[in-house]
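Below is one structure, written out as structure tokens, with a few remarks after it.
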Amino acid sequence: MAIVVAVAAAAAWTTPAVAQTPLRVAAGFDGRFIPGARVPVQVTVEADRLVEGTLRVTYPREGEPTIEMPVEVPGGSVKVFTLVVPTRLDGTAPSRVVLEHDGQTTAARIPRLERLRDEELVALDRSLLAGGPLPGPAPLVAETGTARFAELSEALLAQAPDSLESVTVIGLGPDGLDALGPRAREALLRWVALGGSLYIDAQSGPVPSLPEGWQPGPEGRVRAGAGWIRLTGGAMSDGRWPGLVEPTMRSARVSGSLEEMGMMGDFGGG
């Protein structure tokens, strides 16, 4: 189980059990997840004095595993911790966060997560939106389902890459891959190698920072490990979403390491 610390935005304040150590909690991608995939739970801890203890994520049913990590927050500071936690195929998701420290307990509910079943969860780089809101639901190719959209966080991508299990498609601008930091770029390309679909809003290649052999050909797409790279020719930045996103093969997702797949190499680009 991957447990990672990340710096990211959090949701609204919850009512803490201990006033001097309030918690803010956010989960999933804009509150959404795909049952059976791991999801990020982001917990913001604000401390007026030193906090040393254990952060736990629990589930509504007895017998479910409790995911935990040690935490330390200096007095007068704020820290954000991200735990990447499993969900079940039946939709069971984490429901509560508990912080235990110095014999005290602070608890907060995790906002209710929306399950996506016959839908694709598309994470978009903000550069595609020109400062506007995320698009609403859009039909997939040949109306085979629905695409739902969330914002791509570079910090989460770099520091909690396992959380991308709930994302089926990622959309970047023409130079979006090159603009990412090395850790975020490597995490994204590993996600592609393990079955993700990366859409790049360019008319043609070459695409900066894509490994050799992963450059889309004349048809604007290429197989990349177990995933795909696809060019969208300006359709994403123009907002032409209906019929743009293709359904993915979730049931054929690959798990394991790049070493096991024979995909080792420097994915960091230039």
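Somewhere in the stretch 74-94, is a residue within 27 Å of Ala184 (Cβ to Cβ) and of a type in the set (D, E, K, R)?
Taking every residue of the stretch 74-94 in turn, at least one turns out to be within 27 Å of Ala184 (Cβ to Cβ) and of a type in the set (D, E, K, R).
Somewhere in the stretch 89-96, is a residue closer than 30 Å to Asp238 by Cα and either in contact with a Pro (Cβ under 8 Å, 6 or more places away or on another chain) or of a type in the set (S, T, N, Q) (or both)?
Restricting attention to the stretch 89-96, the residues satisfying the condition of being closer than 30 Å to Asp238 by Cα are none.
No, the conditions are met nowhere in the stretch 89-96.
Filter the stretch 167-178 for residues that are surrounded by 23 or more Cβ atoms within 10 Å (Cβ to Cβ) and among the small types (Gly, Ala, Ser); which is nearest to the chain's Cα centre (by Cα)?
Looking at residues that are surrounded by 23 or more Cβ atoms within 10 Å (Cβ to Cβ) and among the small types (Gly, Ala, Ser), I get Gly171.
Go through Ala150, Ala184, Ala224, Ala202 for me and flag whichever is open to solvent by less than 50 Å² (accessible area, probe 1.4 Å) and farther than 23 Å from Leu129 by Cα. Give the steps one after another, and end with the answer.
Details: Ala150 fails: farther than 23 Å from Leu129 by Cα; Ala184 fails: farther than 23 Å from Leu129 by Cα; Ala202 fails: farther than 23 Å from Leu129 by Cα.
So the residue among Ala150, Ala184, Ala224, Ala202 that is open to solvent by less than 50 Å² (accessible area, probe 1.4 Å) and farther than 23 Å from Leu129 by Cα is Ala224.
Only strands (runs of 3 or more DSSP E) wholly contained in the stretch 90-141 count here; list those with 1 or more residues that are polar (S, T, N, Q).
Details: elements: 96-101, 104-109, 119-124.
Filter on the stretch 90-141 gives 104-109.
Considering only residues that are of a type outside the set (S, T, N, Q), open to solvent by less than 20 Å² (accessible area, probe 1.4 Å) and over 17 Å from Ser127 (Cα atoms), which ones fall in the stretch 187-199? Can you show your working first?
Taking the stretch 187-199 and keeping what is of a type outside the set (S, T, N, Q), we get 187-196, 198-199.
If we keep only those that are open to solvent by less than 20 Å² (accessible area, probe 1.4 Å) as well, we get 187-189, 192-193, 196, 198-199.
Correct list: Ala187, Leu189, Val192, Ala193, Gly196.
Within the stretch 210-221, how many residues are at positive phi and open to solvent by 20 Å² or more (accessible area, probe 1.4 Å)?
Looking only at the stretch 210-221, we keep the residues that are at positive phi, and these are 213, 220.
Add one more test, that the residue is open to solvent by 20 Å² or more (accessible area, probe 1.4 Å), and what stays is 213.
Looking only at that region, the number is 1.
The values are calculated or read from the model by the stated rules, or taken from the named source; none is laboratory data. Note that the coordinates shown come from a computational prediction; the quantities given were computed from them, not determined experimentally. FYI the Cβ positions are ideal-geometry reconstructions off the backbone, even for glycines, and counts take in every protein chain you see. Side chains are part of the model used for accessible areas, which takes the heavy atoms of the whole protein and leaves out ligands, DNA and RNA. Shrake-Rupley method; radii C 1.70, N 1.55, O 1.52, S 1.80 Å.
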